[in-house]
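Working notes for the structure below.
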Amino acid sequence: MATPTDLPGSGRSARARASATGASVGARATAGASEARRRSNGVVVAVKNVFVAESTTFYTILGVTLFLVVFGVVMVLSSSSVEEYRYKHGFFGAFAKQGLYALIGVPLMLVVSRLPAEFWRRWAMRIFAAGIVLQLLVFTPMGIDVQGNRNWIGFAGITAQPSEVLKLALVLGIGAVLYRKRDKLHDWREVFIPVGLAAAVALGLVLLGGDQGTAMIMMILVLGALFVGGARLRHLGLGLLAVAVLLPVVTMASSSRQVRISAWLSGCTDSNQAQDICWQPVHGMWALASGGVFGVGLGNSKLKWSWLPEADNDYIFAIVGEELGLIGAVVVLALFVVLAIGMIRVIRLSPDPFARTVTGGVLAWVIGQALVNIGVVLGLLPVLGVPLPLISAGGSALIMTLVAIGVVLSFARDLPGRAGAADPARRVPHPEARNGALR
């Protein structure tokens, strides 16, 4: 016999139904929360895959690069504000442009760092061909002549320097050639004929435009890629001998180059050159000397008040020395050393010969260009018109340098020891490794 509480409509039955309904709602809520967590975790994983790599080398290169870019934007503001105001562009004219270039270049670097080495290997020769076509545009009506150098193009109000694209295209092309010839590196014809032809075309076009400084950096890039890529040292020695023979011929072909080199050799002691060819190097040295150990303070440079030409570009290191002193200059040098160490780790640890060769070329390009720029400011080299990577003002140089570093970062993601990286046991031995020195 049913008790009153068990009858339909009784309180117990109502409570049971309410409990069942609550459990059902709770189950649906739990399921919905689980689905939301899964979706959230998916978004987190996607973001992590873009920005996170389980490699200290990756973070070393990325961190130093970002610091140098931010530091460069600040120094461009400090070194250019007076000249920008003088020419009615506003105090922040060059700073705003450099900041925009950084906002374009940094995301490009991060996107490029996600592409696998196979992508660069497959598209290397096409990218090289595109770089040659872009460089040829300087000899068309689109070409722009700046102080005797015809190495810029203008289109729709935008000015760009194709030779910066050609640097990356050349190093990728060399990497692809050496990868295909990795079993024939002992035969100089298999290496130096294709690489020599590619380098001769690229450097020849840049020299025809009158930019010997960029051509010199490209030559350093070629030698760095060949050395790391496994070319025999005696073959590289012959290449260096050929460069030593051709360099004076190319230099003496331009009267302006002859004057700059003669002034540098004489130490700018000729008073007739004080108001002309020696003005920039002399005032650059004055800027460094006036900085002392601790500098005059950020923004307090006196030489930037129309005394030092190209203060925000080729001679920005002089302003760094003046405003931040010896300590600031040494910190900049140390940052480039750390960047070089990071790239050397990629070369030593990467199992891919193509990645090692390209990284060696980018290392020679970025660090070599930095040393050349600093050498010019210190008076160790004649004036060459080469910017300081990641710091000097200039859109093409900054963006393409960041893209090149992004390529190296894409190799750093695949170093042995991180999740998903190649198995170290299956590493491809470095061709013609010099007694294990590069292993």
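Of all residues in the stretch 267-307, how many are in a helix (DSSP H, G or I) and surrounded by 13 or more Cβ atoms within 10 Å (Cβ to Cβ)? Explain how you work it out, then say what you get.
Of the residues in the stretch 267-307, the ones in a helix (DSSP H, G or I) are 271-273, 279-291.
If we keep only those that are surrounded by 13 or more Cβ atoms within 10 Å (Cβ to Cβ) too, we end up with 273, 279-288, 290-291.
Residues that pass the stated criteria total 13.
Listed here are the residues, each with its yes/no results for (1) in a helix (DSSP H, G or I); (2) at pLDDT 85 or above; (3) surrounded by fewer than 16 Cβ atoms within 10 Å (Cβ to Cβ).
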{"site": "A18", "(1), (2), (3)": "yes, no, yes"}
{"site": "A36", "(1), (2), (3)": "yes, no, yes"}
{"site": "N41", "(1), (2), (3)": "yes, no, yes"}
{"site": "V47", "(1), (2), (3)": "yes, no, yes"}
{"site": "V50", "(1), (2), (3)": "yes, no, yes"}
{"site": "V64", "(1), (2), (3)": "yes, yes, no"}
{"site": "M75", "(1), (2), (3)": "yes, yes, no"}
{"site": "S80", "(1), (2), (3)": "yes, yes, no"}
{"site": "K88", "(1), (2), (3)": "no, no, yes"}
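Given the conditions (1) at pLDDT below 80; (2) under 26 Å from A311 (Cα atoms); (3) aliphatic (A, V, I, L, M), report the number of the one that A215 does not fulfil.
Of the numbered conditions (1) at pLDDT below 80; (2) under 26 Å from A311 (Cα atoms); (3) aliphatic (A, V, I, L, M), the odd one out for A215 is (1).
Return yes or no: is L378 open to solvent by 10 Å² or more (accessible area, probe 1.4 Å), farther than 23 Å from Q161 by Cβ and under 14 Å from the mean Cα position of the chain (by Cα)? Before the answer, list the steps.
Working: open to solvent by 10 Å² or more (accessible area, probe 1.4 Å): yes; farther than 23 Å from Q161 by Cβ: yes; under 14 Å from the mean Cα position of the chain (by Cα): no.
Taking the combined requirement at face value, the residue does not satisfy it.
Report whether or not G143 is in contact with a strand residue (DSSP E or B) (Cβ under 8 Å, 6 or more places away or on another chain), of a type outside the set (A, V, I, L, M, F, W, C) and surrounded by 14 or more Cβ atoms within 10 Å (Cβ to Cβ). Quick ask: steps written out before the conclusion?
On the way: in contact with a strand residue (DSSP E or B) (Cβ under 8 Å, 6 or more places away or on another chain): yes; of a type outside the set (A, V, I, L, M, F, W, C): yes; surrounded by 14 or more Cβ atoms within 10 Å (Cβ to Cβ): yes.
Yes: the conditions hold for G143.
Kindly indicate the residue of the stretch 181-206 that is open to solvent by 50 Å² or more (accessible area, probe 1.4 Å) and at pLDDT 90 or above and also farthest from the chain's Cα centre (by Cα) among those meeting that condition.
L197
Can you say whether P107 is within 18 Å of the chain's Cα centre (by Cα) and more than 24 Å from A287 (Cβ to Cβ), as far as the supplied structure shows?
Yes; evaluated as a whole, the condition is true for this residue.
Here is a list of conditions, (1) at pLDDT below 85; (2) closer than 19 Å to A198 by Cβ, and L247 meets all of them except one; can you say which number that is?
The single condition L247 does not satisfy is (2).
With respect to the numbered conditions (1) farther than 21 Å from I132 by Cβ; (2) open to solvent by 20 Å² or more (accessible area, probe 1.4 Å); (3) touching a Gly at 6+ places or on another chain (Cβ under 6 Å), which one is the sole condition not fulfilled by V228?
(2)
Conditions (1) over 25 Å from I405 (Cβ atoms); (2) assigned to a helix (DSSP H, G or I), marked per residue:
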{"residue": "L170", "(1), (2)": "no, yes"}
{"residue": "A176", "(1), (2)": "no, yes"}
{"residue": "K184", "(1), (2)": "yes, no"}
{"residue": "R189", "(1), (2)": "yes, yes"}
{"residue": "L205", "(1), (2)": "no, yes"}
{"residue": "G210", "(1), (2)": "yes, no"}
{"residue": "M218", "(1), (2)": "no, yes"}
{"residue": "V222", "(1), (2)": "no, yes"}
{"residue": "L226", "(1), (2)": "no, yes"}
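The values are calculated or read from the model by the stated rules, or taken from the named source; none is laboratory data. Note that the structure is predicted; figures quoted are calculated from it, not measured. Positions of Cβ are generated from backbone atoms using ideal geometry, with glycine treated the same way; all protein chains shown enter the neighbour counts. Areas reflect the complete protein model, heavy atoms only, side chains present, ligands, DNA and RNA absent. Shrake-Rupley method; radii C 1.70, N 1.55, O 1.52, S 1.80 Å.
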